[in-house]
Amino acid sequence: MGSKKDTPSFYGSFRRFCLCTFLFEALFFIPLIAHASQANLGKFNSEDLAETNSIALKIKPEKSEIECDVGMLFMHLKMRVRAMEGQFEIIPTKIGWNSKGFVTIYPETIETINDEVEEKVKKTYLETEKFPKISFTLTKLEGGYPNLLLAQENQFKASGILKLHGIERRIVLCPRVFISTDFIEVKGETSLRIDDFGIRIPRFLFLKARNMVSIYFHVVMDYSPHLKNLLAKIIKRETSELNILKIVILQKKPFY
């Protein structure tokens, strides 16, 4: 004959039932909320775009950088530059974006592994005294229309003219754009042939670089208060129903 401790009480069984029910609801609904938040955490629609006559963006150089990687035998030469400026104006229309803007980079501020290599890159190859600026001029912007997702990455295609070492070439970039209520973050990469811009292939001691440079850019931009207010309104609108659902789930008390 079992003791009283061995016999499960009705109260204990009820507590376990309530606990299991609460855990099931949490496991089922919280991933659903997370998925919905990722899909709908604010986005521009046609009506929102009608409110934005112009989107003005300005680069924040203290939070931006461009890194270049030149492959060599058994090693890579990495260069980094943070001194830059630029601004863009993006005008939404019924069929896409009217866009213009520029980025100016100052190669004299390039940093490399040591002072000797740095000096040779600037004076011998980039010839920064003769060509003190590198510029990119935006001519066409595609993608992300008419639904721009907030708090997520948006894929764009940016066409423009790159002027390097006094030579202009048309290039196409595919940046990933992250939009928040405080800033816009742009990331991407591309590759360029060094001799396309009249630059001699770098050589250091007995090592000769490959005729290709990989470029990685990370640019943070600020925008006008008008657009910040619009983004805040969109996020509030898109998340209102989700917030109600979160309150229902997260504030529910188990019956024990």
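The values are calculated or read from the model by the stated rules, or taken from the named source; none is laboratory data. On a predicted model such as this, the values are computed, not experimentally measured, just so you know. Glycine gets a Cβ as well: all are built from the backbone with ideal geometry, and neighbour counts include every protein chain shown.
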Here's a check for you: in the range 155-185, which residue that is small (G, A, S) and within 22 Å of E67 (Cα to Cα) is surrounded by the fewest Cβ atoms within 10 Å (Cβ to Cβ)?
G166
Members of the range 83-125 that are modelled with pLDDT of 90 or more, among the basic types (K, R) and farther than 17 Å from K163 by Cβ
K120, K122, K123
Would you confirm, using the coordinates I've provided, whether G188 is surrounded by fewer than 14 Cβ atoms within 10 Å (Cβ to Cβ) and of a type outside the set (K, R)?
no
Within the range 133-154, identify whether any single residue is at pLDDT 95 or above, over 22 Å from Q87 (Cβ atoms) and either surrounded by 15 or more Cβ atoms within 10 Å (Cβ to Cβ) or not assigned by TED's automatic domain parsing to the domain that holds H76 (or both), and answer yes or no.
no
Which residues, counting only those in the range 108-132, are in contact with a helix residue (DSSP H, G or I) (Cβ under 8 Å, 6 or more places away or on another chain), surrounded by fewer than 16 Cβ atoms within 10 Å (Cβ to Cβ) and in a loop (DSSP other than H, G, I, E, B)?
E129, P132
Tally time: how many residues in the range 97-117 are farther than 22 Å from L227 by Cα and touching a residue at least 24 places away in the same chain (Cβ under 8 Å)?
11
I'd like to verify a number: residues in the range 186-220 that are among the aromatic types (F, W, Y) and at pLDDT below 95, how many?
2
Within 26 Å of K233 (Cα to Cα) and either in contact with a strand residue (DSSP E or B) (Cβ under 8 Å, 6 or more places away or on another chain) or not assigned by TED's automatic domain parsing to the domain that holds C68 (or both): does that describe E189?
no
